[in-house]
2 protein chains.
Amino acid sequence: MSKILVFGHQNPDTDAIGAAIAFAELQKALGKDAEAVALGTPSEETQYALDHFELAAPRVVATVANETADVMLVDHNEFQQSVADIADVNILSVVDHHRIANFETANPLYYRAEPVGCTSTIVFKMYKENNVEVPGAIAGIMLSAIVSDTLLFKSPTCTEEDVQAAKALAAIAKVDLEAYGLEMLKAGTKLSDKSVETLLDLDAKSFPMGDKNVRIAQVNTVDLSEVFERQTDLEAAMSSANVENNYDLFLLVVTNILDSDSELLVVGEPKINVEKAFNVTLENNRAFLPGVVSRKKQVVPQLTESFN
Amino acid sequence: MSKILVFGHQNPDTDAIGAAIAFAELQKALGKDAEAVALGTPSEETQYALDHFELAAPRVVATVANETADVMLVDHNEFQQSVADIADVNILSVVDHHRIANFETANPLYYRAEPVGCTSTIVFKMYKENNVEVPGAIAGIMLSAIVSDTLLFKSPTCTEEDVQAAKALAAIAKVDLEAYGLEMLKAGTKLSDKSVETLLDLDAKSFPMGDKNVRIAQVNTVDLSEVFERQTDLEAAMSSANVENNYDLFLLVVTNILDSDSELLVVGEPKINVEKAFNVTLENNRAFLPGVVSRKKQVVPQLTESFN
């Protein structure tokens, strides 16, 4: 039997990489020949976490069917967010905390989804259910994923289970949760040295909505104005991306992790759906969204609804 | 908040009804206002089990959005096997042991699938994970579901987990597993007093395959010839059903539960796919499939593959 590859979504964030590492480690502890891989290189935030806990970044793959028949997915299920040749392999298992859509299998499988803030919270639960001890570094990358996905518990996606899991993992990893968490989040906000193309690709996902193809990118910052200094360049890059990738509508959600607010930048059509979804009027293609920090809970459902 | 309705698939079998009853009971023990309902009346096999454990048959519903916003699915996920207005309600939770297809949600949810022989095996595990004691009658209907889905452990879908769960549940329900199981299965094989239409509808599911709509019904018997005495009437009814419901291809799988073999009856097109899938030549629209007892594992994947 070939090695089972375990991976998160494209444009991996800390949970996509952290949950893959942790879930592959759990599978190995249960006797499976599993390897965590990634569909992209770590962001600076993720790299900060990997370095802190002395973990190697997973090998980056573009396709999987060339090396295995069997895969396990973490932190995603929608095929358009997965590896290019996902339809050519057998999905043994999924661990996720997103809606289910554009996903199908020919065979029964293990599927574990819970509406919590972070996949790593579920993976931690599975370690406990299987009575497998969590190694310190693995605890560290899982708590990093929880901090990342919940913006240190400030996101509305955060549940009590995420908080308790992070606390338990911090004890195993021997770190000060608040201090480490803020440092890690800040490491992900160094945007000024990045090209606009890189910035738009840091954490971006595509969603079919109605008959439109919607791209939603999110970046974290401690200073909104620093990002919007480059608005003209961002709009040009979003426009090009729309043409190249057949996106109809491109939203950039710029989130201030200190104030827990976001500002939208929108390129493409139908913009009217964005205005309807968030009850705002776009000015200069922008709108301020007070209290919005979660793409999954405060952006995608509202925008999806506006297309119905 | 309105009551959460919990239900299995259309044409409910013993697991669809048993898992719904057991999962609703678990939700109630966890403080939720849940009610098990069904998308059809119990088969004779299921009724035998309900009577034996003195349980009432769940209320039959045709739609759910008229009485609740929130539902939980057991033993199915594909929308075409679910309640007619499934797209109009919020799916909070799914517990299932089938492939995932034609399923999507707007929001994150609890989804628990495992490739075991019976949904009730997973529900029993969830009782244990939540430290909820299983009442005797609930144990009885869950073990009935396991016996039904695995044909008393003879089906290739049966796993060691199903066997262990059934044994543990038999101890709680205080029944002799083998003796009770065989009596229950036999109760489901009284086919002679049923119209051909009823027989075709006892345990039937629709599957999109390629661009075709395939209907696959299964009946259990202890005497294949008793069923095929009515071949002409069955073919006429299958033909009518194809026209009325836009099925392209209708397969009736007649399974001898004592010998663990099946005989196929096929009406509609493309029949060539059936011949390819099972490596048989249909004679008089029939083919004998030695060792085949599981629609899920020995019929659907092979036929699906023949359409690719």
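The values are calculated or read from the model by the stated rules, or taken from the named source; none is laboratory data. All values derive from a computational prediction rather than experimental measurement. Here Cβ is always computed from backbone atoms with ideal geometry, including for glycine, and neighbour counts include all displayed protein chains. Only protein heavy atoms, including side chains, enter the accessible area calculation; ligands, DNA and RNA are left aside. Shrake-Rupley method; radii C 1.70, N 1.55, O 1.52, S 1.80 Å.
Some notes on this structure:
- Full-stretch length increase - A:S240, A:D223 - with 0.36 nm per residue and alpha-carbon distance subtracted: 3.5 nm
- Accessible area per residue in Å² at 1.4 Å probe, computed on segment A:151-308: 44 Å²
- The base-10 log of I(q)/I(0) for segment A:1-90, evaluated at q = 0.10, 0.11, 0.15, 0.16 Å⁻¹, reads -0.22, -0.27, -0.50, -0.57 [Debye formula, identical scatterers on Cα atoms, solvent excluded].
- Accessible carbon and sulfur surface of the protein assembly as shown relative to its total accessible area, %, 1.4 Å: 48 percent
- Helix A:119-129 and the longest principal axis of the Cα set of chain A meet at an angle near 20°.
- Accessible surface ranking that places the most exposed of B:R286, A:R99 first, with a 1.4 angstrom probe: B:R286, A:R99
- Pairs of Cα atoms nearer than 8 Å and 6+ residues apart set the relative contact order; for chain A it is 14 percent.
- Taking a straight Cα-Cα cut-off under 16 Å and skipping sequence neighbours fewer than 8 places away in the same chain, the aspartates and glutamates within cross-link reach of A:K125 are A:D15, A:E25, A:D75, A:D96, A:E114, A:E133, A:E160, A:E161, A:D162, B:E129.
- Qualifying chymotrypsin sites (Phe, Trp or Tyr not before Pro) in segment A:237-280, where qualification requires a DSSP coil assignment and no more than 12 other C-beta atoms within 10 Å, are lacking entirely.
- Highest mobility in the GNM of chain B, judged by mean-square fluctuation with C-alpha springs under 10 Å and restricted to B:E129, B:E269, B:E54, is found for B:E129.
- With the convex hull of the Cα atoms taken as the outline of segment B:105-179, the averaged projected area works out to 5.7 nm².
- Directionally averaged projected area (convex hull, Cα atoms, segment B:58-114), nm²: 4.0 nm²
- Spherically averaged projected area in nm², based on the convex hull that wraps the Cα atoms of segment A:43-202: 10.5 nm²
- Listed pairs B:K128/B:K154; A:K128/A:K167; A:K28/A:K174; A:K174/A:K296 exceeding 19 Å between Cα atoms: B:K128/B:K154; A:K28/A:K174; A:K174/A:K296
- Nearest-to-axis residue of chain B, judged by beta-carbon position, where the axis maps B onto A, in Å: B:Y111, 3
- Against the main long axis of the alpha-carbon atoms of chain A, helix A:136-150 sits at an angle near 20°.
- Between segment A:222-246 and segment A:1-50, the alpha-carbon center distance in angstrom: 30 Å
- Only protein heavy atoms count here, probed at 1.4 Å, and on that basis chains A and B bury about 1900 Å² of accessible area in total.
- Per residue, the convex hull around the alpha carbon atoms of segment B:28-72 comes to 89 Å³.
- Delta accessible area of at least 30 Å² on complex formation, residues of segment B:105-119, 1.4 Å probe, chain isolated as reference: B:T105, B:A106, B:P108, B:L109, B:Y110, B:Y111, B:R112, B:A113, B:P115
- Relative contact order [Cα under 8 Å, 6+ residues apart], segment A:189-308, whole percent: 22 percent
- Note on segment B:148-276: Cα-only Rg and Dmax are 16.7, 49 Å.
- C-alpha long axis of helix A:177-187 to longest principal axis of chain A, angle in °: 50 degrees
- Per-selection Kirkwood Rh - segment B:229-308 (Cα, Å, 1 d.p.): 13.0 Å
- Ordering B:68-79, A:222-233 by mean Cβ neighbour count within 10 Å, with the highest value first, yields B:68-79, A:222-233.
- Relative compactness, chain A, computed as alpha-carbon Rg over 2.2 N^0.38 Å: 0.96
- Alpha-carbon Debye profile of the protein assembly as shown, log10 I(q)/I(0) at 0.05, 0.10 Å⁻¹: -0.25, -0.93
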